[in-house]
Protein chains: 2
Amino acid sequence: MLPRTSPSARNAGAKFPVLRKAVPVFAALGDETRLRLIALLCAGGALSITQLTIGTDITRQAVTKHLQVLADAGLVRDVRQGRERLWEFEPSRLDEARRSLDTITEQWDQALLRLKASLEA
Amino acid sequence: MLPRTSPSARNAGAKFPVLRKAVPVFAALGDETRLRLIALLCAGGALSITQLTIGTDITRQAVTKHLQVLADAGLVRDVRQGRERLWEFEPSRLDEARRSLDTITEQWDQALLRLKASLEA
DNA sequence: CCTTCATGCAACCATTTGATTGCGTTTTTT
DNA sequence: AAAAAACGCAATCAAATGGTTGCATGAAGG
């Protein structure tokens, strides 16, 4: 394996810095519990940990950890208010993620166009 | 914890079946190696496992496993050709994922509008 | 035929992840 | 001041994940 001739690996790797940045966001969204949290915060404004725990079958600490993952990905933000800690949705990173998907789709469409052109030539 | 009164948990859970379907797709995209594979297949057409391994610092078997994850998420498809197994990008699930992000953003925008309306009232 | 190239399969390993329990701290509330 | 509510921290644990090595298989090519 690993032949020294590299047929079609064209400088791949440092090719998509934008995509790279979206990795933690996708990872954070790739969990049912976390997607549910996002959906809740997105529709219901700022909610506390206790409120977000209600209706789930996991503990408050588990919810806390998921919120931390979402916060690390920049998808939510916490606001301390008295003895409560309210969490709210932060849409900017999600927009970036969607633009990443757009980029991939564009690459794909352009590849299809090139293929089509080469067939017609 | 877990007070029996459920303040703002409004029937959450079975509320977003569409989002639920996107979970494995996001999970598959939430890895740098796999995003790189997607980008390669997206730009370069069908490639073999050996070709996809070139330029990486991981083994062929590791690449195989990542391809399997992508295939389970419906993001890639394999086509056997002689002794080679070519992998190609499959755009439909990615489109679904983008629509999921759109749904979340729409929910958010509507929530903002409701908030604005309630403030003006 | 025999070699080579591309892949498949299985065992194995370290780390990460999702979740728990127990206890301590900080605000409210009475 | 004392009780309760909301939360933080740390230890712990099982399962999933990402990766490896070793060997078997299957198709091309000389």
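The values are calculated or read from the model by the stated rules, or taken from the named source; none is laboratory data. The structure presented is a predicted model; accordingly, all values stated were derived computationally and were not measured. Here the Cβ is made from the backbone with ideal geometry for all residues, glycine too, and neighbour counts use every protein chain on show. The area values use the complete protein model at the heavy-atom level, side chains included, leaving out ligands, DNA and RNA. Shrake-Rupley method; radii C 1.70, N 1.55, O 1.52, S 1.80 Å.
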Quick one: what pairs do we get from region B:40-54, first residue under 17 Å from B:LEU75 (Cβ atoms) and free of Cβ contacts under 8 Å to residues at least 24 places away in the same chain, second within 10 Å of DNA strand C (Cβ to nearest atom) and open to solvent by less than 30 Å² (accessible area, probe 1.4 Å), C-beta under 9 Å, 6+ apart or different chains? B:LEU40/B:LEU47; B:LEU40/B:LEU52
Go through (1) modelled with pLDDT of 95 or more; (2) within 11 Å of DNA strand C (Cβ to nearest atom) and name the single condition A:GLY82 misses. (1)
Quick check on my filter: what residues within region A:69-93 are charged (D, E, K, R) and touching a Gly at 6+ places or on another chain (Cβ under 9 Å)? A:GLU88, A:GLU90, A:ARG93
Any residue in region A:89-105 that is within 16 Å of DNA strand D (Cβ to nearest atom) and surrounded by fewer than 18 Cβ atoms within 10 Å (Cβ to Cβ)? no
Assess whether B:ARG83 counts as being near DNA strand D (Cβ under 9 Å from one of its atoms) and free of Cβ contacts under 8 Å to residues at least 24 places away in the same chain. yes
Report yes if some residue within region B:4-23 is modelled with pLDDT of 95 or more, away from DNA strand C (no atom under 14 Å from the Cβ) and aromatic (Phe, Trp, Tyr); otherwise report no. no
So B:THR56 passes all but one of these: (1) touching an Asp or Glu at 6+ places or on another chain (Cβ under 9 Å); (2) of a type outside the set (Phe, Trp, Tyr); (3) closer than 18 Å to B:ALA39 by Cβ. Which condition number does it fail? (1)
Note on region B:24-39: residues touching a residue at least 60 places away in the same chain (Cβ under 8 Å) and either more than 7 Å from every other protein chain (Cβ to nearest Cβ) or among the basic types (Lys, Arg) (or both) are B:VAL25
Go through the residues of region A:73-93 one by one and say whether even a single one is under 20 Å from A:LYS21 (Cα atoms), among the basic types (Lys, Arg), touching a helix residue (DSSP H, G or I) at 6+ places or on another chain (Cβ under 9 Å) and assigned to a helix (DSSP H, G or I). yes
Kindly evaluate A:GLU96 against the criterion of being touching a Gly at 6+ places or on another chain (Cβ under 8 Å) and away from DNA strand C (no atom under 14 Å from the Cβ). no
In region B:28-49, is there at least one residue being open to solvent by 80 Å² or more (accessible area, probe 1.4 Å) and either hydrophobic (A, V, I, L, M, F, W, C) or modelled with pLDDT of 95 or more (or both)? yes
